[in-house]
1. In the range 355-421, which chymotrypsin sites (Phe, Trp or Tyr not before Pro) are in a loop and have at most 11 other Cβ atoms within 10 Å, using DSSP for the loop call?
2. Each label point is 7 Å from the Cα along the Cα-to-Cβ direction; what then is the distance between the points at Ser485 and Glu51, in nm?
3. Quick check: residue separation of Ala92 and Asn22 times 0.36 nm, minus the Cα distance between them. What number comes out in nm?
4. For the pair Tyr499/Ser537, report the inter-label distance in nm, with labels modelled 7 Å from Cα in the Cβ direction.
5. In whole angstrom, how long is each semi-axis of the equivalent ellipsoid of the range 511-556, when you take the square root of 5 times every eigenvalue of its Cα gyration tensor and sort them from largest down?
6. If r is the Cβ-Cβ distance from Val337 to Ile425 and R0 is 56 Å, what FRET efficiency results, to the nearest 0.05?
7. How much net charge surrounds Val511 when only other residues with a Cβ under 12 Å from its Cβ are counted (Lys, Arg +1; Asp, Glu -1)?
8. If you average over every viewing direction, what projected area does the convex hull of the Cα atoms of the range 413-501 give, in nm²?
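The values are calculated or read from the model by the stated rules, or taken from the named source; none is laboratory data. This structure is a prediction, so every number in the text was calculated from the model and none was measured. Using ideal geometry, Cβ is built from the backbone for each residue, glycine included, and neighbour counts are taken over all protein chains shown. Please note that ligands, DNA and RNA were not included when accessible areas were found on the heavy atoms of the full protein model with its side chains. Shrake-Rupley method; radii C 1.70, N 1.55, O 1.52, S 1.80 Å.
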Amino acid sequence: MNRNVPSGSVCQWYRNGAVISNANSTAYTANVSGIYSVSLTNANGCTSYSEPVKVKKYLDEISGVMFNGSYSISSWHCLNNNSATLSVPFNAGYTYKWYRDSVLVPQTGNSFSTHSYGNYYCVVSAPGGCSKSTSSITLGSNNPVLVPLSTTSPCAGTSVNLEVDLLYKINPLYNWKLNGTSVAITNNSSYSFTQGGVVTCEVTDTNLCPGSRSTNSLSLTFGSLPNLSVNGISSSLDDCDNLYTSFYLMAYNGTVFPIPVYHLFVGCYSFCLLQTTSCFTDYSGVFSASGTSSCGTFNTNSIIIRKTASGTVPPEISSSTTSSCSPWQVWVDYGWVAYQWYFNDIPIAGATTYYFTVNKTGKYTCRLFNSCGSILSDSLNADVYNVSPAITSTKGNVICSNDSTKLMAPYNYSSYQWFKDGVLIPGAISFFKYASLPGKYCCRVSKNGCVTNLFSDTISISRVSPITIMPSAISGDTLVCPGASRFSYSVSQSLSYAYYYWTVPAGATLVSGQGTNHIKLVFSPAFTGGNLKVQFSNVCGSGPAQIKYINSNAALAPAGISGPLSGVCNSTVTYTLPVLNNVLGYTWTVPGGMTLLSGQGTNTIIVNFNAGFVKDTLRLSLHVV
């Protein structure tokens, strides 16, 4: 703002009728909203006043967020189970963005209602791009929390001090309760109990927040003994990431229990037999502790630890023996989420509990599952001598007529005698027998002091001859377009042979049908041709191959155009390309300065060059099937 001033006159500026200190220049810069005016006093002492001017500075009225409730302390406001309206001054030209905990909320007005706790503020923007952020206010709950000031499991004859922790308060009233029954109503936030039970406290503070609110509950146990804990957990724990798990003997208020002597143990294996308050292990298992405290001797709760971290000691299969004349029961740690037993590394159907009955000779393992993965136990190699042993064949049940297979019984018996088709085989008294003739084989075994003359199961061996014939002629396209859809090829179904082995040329992919008499192929754009082969196959190998040559019908790039490359100015010249198979037509493209006289559509053309021809390219395109 400025004013023309006659020589010798003095200016004085005013805001809202009040003198602005040191504002005596002919011009004044207003940076605060208000009603401005100026007076002029001439050399004769006469004073005149200007008309007032109203100045509005954008966002001047924006400062803090207004709260419609009355339950507040400083910038904190009570929102216990209620809603509140937040607002800032309104201006039609302003835009509003609200934030809760620094996250934009979907509100664009100068006010809105909310029932969510958090730290709120508003960013107000005015025309011209200027903006201003309000100060923040906090909407919160004022829930009381009951905390112990001493152990909640003291020895008999002592007391437990409890206190209510309340974030904001104005002369609250405390109703202390034991097992749901009021025992004291006081203005004191702490109270001492000498009896065991469940303690809560109901807090009423009508000066700050409406209604009454109850604390959490705490259980008091007098004369009780310590609790075994892993990170506050006292029942079962899935330790997924740690190689070692640490145990602590804890008092019920969460502090380490002070005892002179105790020890931890898992199963029959003792750990940490020294005077200490913690112990660690890399085993899974069921853990507990025993010892002596000021309240007497104790045996703690048990904690099931399920560990699957890399490097963890595998769970142990517990067994009373590794060999027996009859089946027996084995087991792993109980308390896991799921189990799966294996025999010789193959899952046993239905074996999904923590125990299992071993009923045949072999290797047993168990996979134990928890919430974050699984771990495989150690293995138990068991011998069960009253169960017929299984016979295995190194080459299966079908062998080639010029070959033999090795039959094997378990090697842990005392004596063996092999039979073929029920007839004793002289001299076949080892745990293995080579068989080259077809028939049914079994082995009679015995175990000193346990089983005599126990027959194995029976295995049938059959023979086939080498293949000497080839499949029928291959049916299917001989000329293919690379990159097109699938192509089918087949041979006649054989009554003698069931397996067909196909070999495809380079650039071809067998999509389906290997082993059958009918296949489907896909040819890549790079396919240029090759042999497709098929053979009958059995355990003796593959027979002679039936072969079909497949040609590629891919487009050809013209090459080898013959004709003069220089000295052609103002002359008639012939250009030609050798004849190619599968070509339907030839398209020649001549540049400027050259005239095609004849031969378009053939492999030979005659052209004329004019006198001004300098240099250019002659092009040829082929059209194939």
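1. Taking the range 355-421 and a limit of 11 other Cβ atoms within 10 Å, the loop chymotrypsin sites (Phe, Trp or Tyr not before Pro) found are Tyr411.
2. It is 8.9 nm.
3. Stretched fully, the Ala92-Asn22 segment lengthens by 21.7 nm.
4. Label-label distance for Tyr499 and Ser537, simple model: 0.7 nm.
5. So the equivalent ellipsoid measures 26, 13, 7 Å along its semi-axes.
6. 0.65
7. Within the 12 Å Cβ shell, the charges total +2.
8. 10.9 nm²
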